[in-house]
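Accompanying notes for the structure given below.
No value in this document is a laboratory result; all are computed from the given coordinates. Treat the numbers as computed from the prediction; the structure is a model and nothing was measured. Virtual Cβ from ideal backbone geometry, glycine too; neighbours counted across all protein chains shown.
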Amino acid sequence: MNEFIFQGIEFLLTGISSQKERNMEALIRNSGGVVLYDIPSPQNSGGKRNSTLYHFPIILCMRKVCF
């Protein structure tokens, strides 16, 4: 089994208790993922733009949030 299942995938954690956030962050990083501390701007995607598509992080939240 691949230990780096989240390799190159970005996550944003929100609405989670501090202890759970630390635990989830460790699991994500140990599986090759990246934890972001803010929503990245599409203009600052660092070359991740593919014509009209943008790469956005996966947002993990304990409760439903309307944007």
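Here are a few things to note about the model shown:
- Hz values of 3J(HN,Hα) by residue in the range 8-17 - Karplus curve (6.51, -1.76, 1.60), Gly and Pro given as x: x, 8, 9, 10, 10, 9, 8, x, 10, 4
- Cβ-Cβ distance of residue 37 and residue 3, R₀ of 30 Å, FRET efficiency by 1/(1 + (r/R0)^6): the value works out to about 0.80.
- Judged by the mean number of other Cβ atoms found within 10 Å, the most tightly packed of the peptides 14-20, 28-34, 57-63 leads the ranking 28-34, 57-63, 14-20.
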